[in-house]
Amino acid sequence: MRPIRAACLGTATTLVALLAGAPVAGATTHTDSAHPKGGDRVITVFGHLDEQTRFPVNPKGPAAQGDRTVVRSKLFDKADEKKQIGWTHGTCTTTLAEENGGVEECIVTYVLPGGQLTVQGLVFGILTKGVPTLPPPSFDNAITGGTGKFDRARGQVHADTIGPGKRRFTIDLDR
């Protein structure tokens, strides 16, 4: 196991190399987002819903705790929305089924050039009159780790719905 200081330096060096160079040619990096904290690096991509399947606990009844949604999206470059650069794969489980509100716990993996990011957190306001809210609400989830060039990644992902089946993901990586 590497000492903490060396591990942080290795991760920072990897992320700087990833964000500054061609390996992520498909993702736009910037530091002028409304969400970054001091010194963070930001990647913005667009997600287009590819497939979504709901598995309700009560198939003919109202939304309930334990309902599950499995989702997959294609990720596209912010600068060239026709250029696919990755995927998201995830599951969300309803933990609170209120008629107007509701909460889901989501675990999503972002597959990007050079590695993967794992993301986890709550999404609030998922139900309106007992059915899924359309468009889905914006949310912030924590980056809990990664692989490859994202090894030991931390930070957050902010998601905004910008059209039917389309979201903007702002990936805010801590240095």
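The values are calculated or read from the model by the stated rules, or taken from the named source; none is laboratory data. Keep in mind that this is a model prediction, so the values were computed, not measured. Positions of Cβ are backbone-derived with ideal geometry, glycine not excepted, and every protein chain shown enters the neighbour counts. The protein model used for the area step is the full one, side chains on, heavy atoms only, and it has no ligands, DNA or RNA in it. Shrake-Rupley method; radii C 1.70, N 1.55, O 1.52, S 1.80 Å.
Looking across the stretch 127-139, just one residue is in a strand (DSSP E or B), without any contact (Cβ under 8 Å) to a residue 60 or more places away in the chain and either at positive phi or surrounded by 15 or more Cβ atoms within 10 Å (Cβ to Cβ) (or both), and that is Phe139.
State yes or no: is Glu105 modelled with pLDDT under 90, among the acidic types (Asp, Glu) and more than 17 Å from Asp172 (Cβ to Cβ)? Taking the combined requirement at face value, the residue does not satisfy it.
Among the residues of the stretch 80-96, none qualifies, meaning not one is in contact with a Leu (Cβ under 7 Å, 6 or more places away or on another chain) and modelled with pLDDT under 95.
Across the stretch 81-115, which residue is surrounded by the most Cβ atoms within 10 Å (Cβ to Cβ) among those that are among the acidic types (Asp, Glu) and in contact with a Ser or Thr (Cβ under 9 Å, 6 or more places away or on another chain)? It would help to see each step written out before you state the result.
Going residue by residue through the stretch 81-115, those that are among the acidic types (Asp, Glu) are 81, 98-99, 104-105.
Filter once more, so that each one left must be in contact with a Ser or Thr (Cβ under 9 Å, 6 or more places away or on another chain): 99, 104-105.
Working: Glu99: 12, Glu104: 24, Glu105: 15.
Here the answer is Glu104.
Return the residue satisfying two criteria in turn: it lies in the stretch 32-66 and is charged (D, E, K, R) and at pLDDT below 95, and of such residues it is surrounded by the most Cβ atoms within 10 Å (Cβ to Cβ). Don't jump to the end; show me each part of the working.
Quick first cut of the stretch 32-66, residues charged (D, E, K, R) only: 32, 37, 40-41, 50-51, 54, 60.
Applying the additional criterion that residues be at pLDDT below 95 yields 32, 37, 40-41, 54, 60.
Working: Asp32: 6, Lys37: 10, Asp40: 16, Arg41: 20, Arg54: 14, Lys60: 5.
In this case the residue turns out to be Arg41.
Could you tell me whether any residue of the stretch 146-168 is over 20 Å from Ile43 (Cβ atoms) and either open to solvent by 70 Å² or more (accessible area, probe 1.4 Å) or in a loop (DSSP other than H, G, I, E, B) (or both)? Within the stretch 146-168, one or more residues are over 20 Å from Ile43 (Cβ atoms) and either open to solvent by 70 Å² or more (accessible area, probe 1.4 Å) or in a loop (DSSP other than H, G, I, E, B) (or both).
Considering the conditions (1) assigned to a loop (DSSP other than H, G, I, E, B); (2) touching a strand residue (DSSP E or B) at 6+ places or on another chain (Cβ under 7 Å), Glu105 is excluded by exactly one of them, (1).
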